[in-house]
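Notes follow once the structure below has been shown.
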Amino acid sequence: MKAYLEQELSAVLAEMGAPPDFVPEFEIPNNPEHGDLATNAALQLARHLRRAPRQIAEEIATRLRQKPVDPRRIAAIEVAGPGFLNVRFAHTYLADRIADILRQGDAYGRTDVGQGLPAIVEYVSANPTGPLTVGHGRNAVLGDTIANLLDWTGYAVTREYYFNDAGRQMRVLAQSVRARYEQLLADPDMEPYLDLSGDRRARWERLLDTFDTKDIEVGEGETVEVPASFPEDGYLGEYIFDIARSLIERHGLDLLDADDLTPFKQAAQEAIFADIERTIRRLGIEMDTYFNEHTLYETGKVWDVLEALRERGHIYEADGAVWFRTSAFGKDKDTVLVKSTGEPTYRLPDIAYHVDKFERGFRKIVDVFGADHIATYPDVIKGVELLGYDAGAIEVVIYQFVTLVRGGQPVKMSTRKANYVTLDELMDEVGEDVTRFFFLMRSPNTHLEFDLDLAREASDKNPVFYLQYAHARICSILRKAEEVGVTFAEDADLTRLTHPSEEALAKTLLQLPEVIQRAAETKEPQILATYLRDVATAFSQFYRDCRIIGEAQALATARMHLARATRLTLANGLTVLGISAPGQM
RNA sequence: GCGCCUGUAGCUCAACCGGACAGAGCAGCGGACUUCUAAUCCGCAGGUUGCAGGUUCGAGUCCUGCCGGGCGCGCCA
């Protein structure tokens, strides 16, 4: 409808001498008295046409009315206020659209604006150094929902997890595991559990003699006692012990004198990745691809990118390092791409990674990052652009941090002390649906306060249940209506839906496709979450005013259609958000 | 000091490329269940959209300057 009106209006405006690049837009007015769709085109054109906006609006209205406008769709075109043009839907239009929703079923809300364009959404992308935290949760849920939104708007979406299992972080992780491994073994009580055959007894006794501990600083003057071999910035989490224990079960003390960290790294990575995958699966997330940074070295792409940048003169060497001339485009400093050790910084593979995304054919590239990456991604985009790719295809979604609030107080967390709430613990406490919804109900660029008390409350205070309750209630009504013999006739006469609550509900329902489009374009899922609340409210009001059971068959059937259309709208919207739509509560 | 985000009702937040009277939820007060789910609905109260200028027919939205909060500013990721 919107597109139809915009097209008709464009034609009229062209006749009236509007600039050819002017695109009129209709929007839904805040105030229902202003009709179902309104446009401010006359106001915007007043200056250009050098005429009073009100007068322009009158002429547009007159011309529009002369067009062969389908009376099944439009009931009235009015001029109002300083020069707005308000359009009212015909009653038959609403009836047609409800029938349309039911025809589309599970697909209602889908559009093809993306036209099958290949899109990639990169999210989570946590390196396997520990369990996912609440912060990763916002990333995961946001990324996954954006991927859903793009899918529903007609893009061919790939969901990708990018990670790096080489580098310093992983080395420190492996060292941490080895230190815990030694610590667990350096216990005289372990004797009965160990195979001490051969020279193993001597090795074990040597460990008992030499094992020592030290204190390390963890901030705010606090210290923690750790094995002497524990790295300064090692990982203190309890999960490191679990990994060490599993190594003892599998290898006993045979890894004691290994001078290679590989088995520790391997075990840690496998265990942690398995854990991460379990966690995101709980949230309903299924990745299409996992991309290991390492492949960018194996294929030489990292060096190709470096050479390409060098050829184009964006690179120079100084102090033994290779620099990217970022100061040439507005940054206050240049950026190191290859350290004097010969090892690239993460920025170089990041550029190569994005080049790779283009080479794989993606035409829309979405990255989901926390606010702490805000300063780094412009370099990557610039790098890609300098190599001749369409950097405009890259969209970076930056989300602000999450604070957990309990009892009105922020929950203190410190990664350093391994004192943080994991995503799994959060889901254990409040459930998966609530977790997803809370991460989605706020704009990504606002700081999120996650109120655990509110989230845990299974009551009317919790906004998730409001949506789910409305859905469950519809299911219940439809069940009961069928029990008492109200039939769901295919040929129901939907023009019988004339009650204001019925009309208001119907008008709300038919917004779903454009709401999904807008949320997809802006990458702001809270637009959809907010809309679904409106749907639930409109339904509750309909429920208050209009009964199904006990009404004459024709009216009851028409209302069943409306209830079904509402259920589809809620269910499809919740599906996009990745939240379940229960049949009863 | 510089860059990005942010400041809207007591609290948490909406407000669709600048549009008509700034809206919800929670908290507060008052109402509605012999009825298809009261996890619901209705009403009341609550605001100088941080402050000051500017652009515009029109500004919560755009520009400038202040003030407050967050995140960055490494040959870490």
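The values are calculated or read from the model by the stated rules, or taken from the named source; none is laboratory data. All values reported here derive from a predicted model rather than from experimental measurement. Glycine gets a Cβ as well: all are built from the backbone with ideal geometry, and neighbour counts include every protein chain shown. With ligands, DNA and RNA removed, areas are computed over all heavy atoms of the protein, side chains included. Shrake-Rupley method; radii C 1.70, N 1.55, O 1.52, S 1.80 Å.
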Residue by residue, what Karplus-based ³J(HN,Hα) values in Hz, rounded to whole numbers, does segment A:189-195 have, using 6.51, -1.76 and 1.60 with θ = phi - 60° and x for Gly and Pro? 5, 6, 3, x, 8, 10, 8
What FRET efficiency comes out for A:Leu196 versus A:Lys339 if R0 is 51 angstrom and r is the Cβ-Cβ distance? Round to the nearest 0.05. 0.65
What do you get for GluC sites (Glu not before Pro) in segment A:283-331 restricted to DSSP loop and a cutoff of at most 14 other Cβ within 10 Å of the site's Cβ? A:Glu286
Name the residue from A:Leu555, A:Ala244, A:Thr403 whose Cα lies farthest towards the positive end of the charge dipole of chain A, charges +1 on Cβ of Lys and Arg and -1 on Cβ of Asp and Glu. A:Leu555
Considering only DSSP states other than H, G, I, E and B, which trypsin sites (Lys or Arg not before Pro) in segment A:530-570 qualify as loop sites with at most 14 other Cβ atoms within 10 Å? A:Arg547
Given the whole protein assembly as supplied and a 1.4 Å probe, what does the accessible area of A:Ile272 come to in Å², nearest 10? 10
Solvent-accessible surface ranking, highest first, for A:Leu440, A:Leu196 at 1.4 angstrom: A:Leu196, A:Leu440
Once segment A:62-110 is represented by equal point scatterers at the alpha-carbon sites, with solvent omitted, what log10 I(q)/I(0) does the Debye formula produce at q = 0.24, 0.27, 0.32 Å⁻¹? -0.87, -0.96, -1.11
Report the antiparallel proportion of the DSSP beta bridges in chain A as a percent, rounded to a multiple of 5. 55
Taking a crude spin-label model, label points 7 Å out from Cα along the C-beta direction, the A:His294 to A:Phe329 distance in nm is 3.2
Segment A:375-499: radius of gyration and largest Cα-Cα distance (Dmax), Å: 23.3, 69
Test of the criteria: in segment A:2-38, which chymotrypsin sites (Phe, Trp or Tyr not before Pro) are in a DSSP loop and have at most 13 other Cβ atoms within 10 angstrom of their Cβ? A:Phe22
If you count only protein heavy atoms and use a 1.4 Å probe, how large is the accessible surface of A:Ser10, to the nearest 10 Å²? 50
Probe 1.4 Å - accessible area at A:Val113, Å² to nearest ten: 80
Ranked order, A:Asp260, A:Asp491 - accessible area, probe 1.4 Å, largest first: A:Asp491, A:Asp260
Cα shape, segment A:168-277, gyration tensor, a/c 1.5 rule: oblate
In a shell of Cβ-Cβ distance under 14 Å around A:Glu502, excluding A:Glu502 itself, what net charge do Lys and Arg (+1) and Asp and Glu (-1) give? +3
Among the lysines, which have Cα under 17 Å from the Cα of A:Lys357 when same-chain residues fewer than 8 positions away are ignored? A:Lys301, A:Lys382
Provide the FRET efficiency to the nearest 0.05 for the A:Arg47-A:Asp96 pair, computing r from the beta carbons and using R0 = 30 Å. 0.20
With all distinct Cα pairs included, what does the Kirkwood hydrodynamic radius of segment A:2-89 come out to in Å, to one decimal, could you say? 12.8
May I ask you to derive the relative contact order of segment A:159-230, considering only C-alpha pairs under 8 Å and at least 6 residues apart, and to give it as an integer percent? 31
Computed from the mean reciprocal separation of all distinct C-alpha pairs, what Kirkwood hydrodynamic radius does segment A:41-189 have, in Å? 22.0
Total formal charge among the other residues, if their Cβ is under 13 angstrom from that of A:Val484, Lys/Arg +1 and Asp/Glu -1: 0
P(r) weight above 46 Å for chain A, C-alpha pairs, percent: 33
What aspartates and glutamates sit close enough to A:Lys331 to cross-link, taking a C-alpha to C-alpha distance under 12 Å and skipping anything fewer than 8 places away on the same chain? A:Asp379
Given labels modelled 7 Å from the Cα in the Cβ direction, how far is it in nm from A:Asp460 to A:Glu217? 5.5
Cut-off 12 Å between beta-carbons: net charge of the residues surrounding A:Glu205, Lys and Arg +1, Asp and Glu -1: +1
